[in-house]
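The values are calculated or read from the model by the stated rules, or taken from the named source; none is laboratory data. Not measured: the values here are computed from a predicted model. Cβ atoms come from the backbone with ideal geometry, glycine included; neighbour counts cover every protein chain shown. These area figures cover heavy atoms from the full protein model, side chains too; ligands, DNA and RNA do not enter into them. Shrake-Rupley method; radii C 1.70, N 1.55, O 1.52, S 1.80 Å.
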Amino acid sequence: MKNKLGFIIKNWYIATIVVMFVAISLLSWAYSVRPMGRYMLSEMSDYNADAAGDNKESVFSIVDREIRNLNDKWQIYKKKAIKKIDVYYTYVVTGEVASVQVLLGKNNWLFYKSNVDSDPIADYEGSNMYSSEQLDSMAQSTMEVQGKLENMGIRFALILPPNKETVYFENMPENYFHCENTRTDILVKTLQEQGVNAISPKNRLLDEHMNYQLYYKYDTHWNQLGAYIGVKDVLSTWNIDIPELLERDVSENPLKGNYHYCGEDDLARLADLLPVFDDEIEYFVEGTIPVDWEDFGDEQEHKIISHIYNKNAPNIGRLLLVGDSFRTSMVPALSEVFSDVYVVHRNNYTPDIMESIKPGYLIVEYVERYSDSIKDISFLVEEDLNCMQ
């Protein structure tokens, strides 16, 4: 209770919001009873109209209209303000996070529990397994794509980063069942058995997750340390070696005040508790290439292909990275190795991009919760844009 009281004192602006809320509510109430004085206003308005001319709007009509406009805006704001106050109150009093999308785990770890943007909890509990027919179909489609790319002289790799709760399962609430062999594990094994260069960094992340923080606590994504391990696993399939993470120096800074694309405490934001969960750390692997995240984010949001150039890279080659939001933290490590790294979201990819860039290497990334989208992987080499996910 002492810590919660300290939180309230520290965040004095919460009390300010409450006071403002009460004050504006009184004004809103005053507006709600305005019909009681309407007769008097109308009488004065008629008098004003006689004096100023029939075609001129009275001051009382103007004031009345503006009060109505203000009230309409207030009703919208009030709903949001009430929700935020309720969320704060619930957390301070009960220690619970009142959100249908965010799950509060142990040690203040936040997890994504949406079932409309895929279903990460179903992945975690193993309640959404693929059928043998689905596995065979995805393996066949991916093999065909890999074959076409190899015929074009492009080296292909498919990486499936695990969901956050898969790696930091010990911080999940105990009432959730932990399935150790998920549908994505089985999919990766099936793809590998069929000859697909498919990589799951899950085991390596599990090995290191107690030594390093590999995912953000208050965000859905892996950070640059987790992504570094994933990149190393991919590169090893092409016989390209980079040092182990323990051999690199790691620097850190507060993430707050330095938010960037796919690194902005998105779960804390979804839960309306950003001021509570505000001590996130951003990690950077010394030797990898710093990214101008503001420019990168603007390019990706506006469907522009990002290009990171490193004249000192040991591999003078072009790499194209196509993926979802987990692609972002992979960029610094990849840019250390390749002179030209191009990045695009899957939704914004078209086959003509391959023709214009002519990469020597292609990495396609699907985070675990989107692994079912691999069934449409032919979008990489086909003109049918309806296949895109």
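Let me check against my output: what whole-number percent is the relative contact order of the stretch 183-334, with C-alpha pairs under 8 Å and at least 6 apart? Intermediate values should be presented prior to the final figure.
Working: 156 pairs, mean separation 38.2, N = 152.
It comes to 25 percent, rounded to a whole number.
Based on the Cβ-Cβ distance of Asp298 and His178, what FRET efficiency does E = 1/(1 + (r/R0)^6) give at R0 = 51 Å, to the nearest 0.05?
Details: r = 39 Å, r/R0 = 0.77.
The value I calculate is 0.85.
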Over the alpha carbons of the stretch 195-249, what is the largest minus smallest coordinate on each principal axis, giving the biggest first in Å?
-> 36, 25, 16
Per DSSP, loop trypsin sites (Lys or Arg not before Pro) in the stretch 276-319 with at most 10 further Cβ within 10 Å | Lys311
Can you work out ³J(HN,Hα) from phi for every residue in the stretch 196-213, in order, using Karplus 6.51 cos²θ - 1.76 cosθ + 1.60 and θ = phi - 60°, giving whole Hz and x for Gly and Pro?
-> 7, 7, 9, 10, 10, x, 3, 5, 5, 5, 5, 5, 9, 5, 8, 8, 9, 8
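Could you work out the Kirkwood radius for the stretch 304-362, taking every pair of different alpha carbons, averaging 1/r and inverting it, reported in Å?
Values: mean 1/r = 0.0876 Å⁻¹.
About 11.4 Å for the stretch 304-362.
Which of the GluC sites (Glu not before Pro) found in the stretch 193-284 are loop residues per DSSP with 13 or fewer other Cβ atoms within 10 Å of their Cβ? Show your work: numbers first, answer last.
On the way: sites: Glu193, Glu208, Glu244, Glu247, Glu252, Glu264, Glu280, Glu282; in loops: Glu244, Glu264, Glu280.
Passing sites in the stretch 193-284 are Glu244.
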Could you order His307, His345 so the one with the most accessible surface comes first? Probe is 1.4 Å.
-> His307, His345
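If a/c stays under 1.5 just call it rounded; otherwise compare a/b with b/c (prolate if a/b is bigger, oblate if not). Do that for the stretch 264-389, with a ≥ b ≥ c from the square roots of the Cα gyration tensor eigenvalues. Write down the numbers at each step before the final one.
Details: a/c = 2.16, a/b = 1.20, b/c = 1.80.
Since a/c reaches 1.5 but b/c is at least a/b, the shape of the stretch 264-389 is classed as oblate.
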So the carbon and sulfur contribution to the accessible area of the stretch 137-182, 1.4 Å probe, in percent, is 47
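Per residue, how much accessible area does the stretch 209-362 have with a 1.4 Å probe, in Å²?
Details: 6200 Å² over 154 residues.
Computed with neighbouring chains in place, this is 40 Å² per residue.
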Expressed as a whole number of Å, what is the distance separating the alpha-carbon centroids of the stretch 315-389 and the stretch 196-272?
-> 18
Enumerate the aspartates and glutamates that Lys148 could reach by cross-link, defined here as Cα to Cα under 17 Å, with residues fewer than 8 away along the same chain left out.
-> Asp352, Glu355, Asp376, Glu382, Glu383, Asp384
Using alpha-carbon coordinates alone, the radius of gyration and Dmax of the stretch 94-166 in Å work out to 18.0, 60
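Distance cut-off 18 Å, Cα to Cα: go down the list Lys202/Lys303; Lys113/Lys232; Lys106/Lys217 and report the pairs above it. Intermediate results must be reported in sequence, preceding the final value.
Numbers: Lys202/Lys303 30 Å; Lys113/Lys232 29 Å; Lys106/Lys217 11 Å.
From the list (Lys202/Lys303; Lys113/Lys232; Lys106/Lys217), the Cα-Cα distance tops 18 Å for Lys202/Lys303; Lys113/Lys232.
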Row for the stretch 146-246, column shape: gyration tensor on C-alpha, a ≥ b ≥ c, rounded if a/c < 1.5 i.e. under 1.5, prolate if a/b over b/c, else oblate; value oblate
Which values of log₁₀ I(q)/I(0), to two decimal places, follow from the Debye formula for the stretch 198-347 at q = 0.16, 0.18 Å⁻¹ with a uniform point scatterer at every Cα?
-> -0.90, -1.14
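How do Trp293, Trp109 stack up against each other in accessible area, from largest to smallest, with a 1.4 angstrom probe?
On the way: Trp293 45, Trp109 20 Å².
Ranking Trp293, Trp109 by accessible area, largest first, yields Trp293, Trp109.
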Remind me, relative contact order of the stretch 265-389 in percent, using alpha carbon pairs under 8 angstrom and six or more residues apart?
-> 24
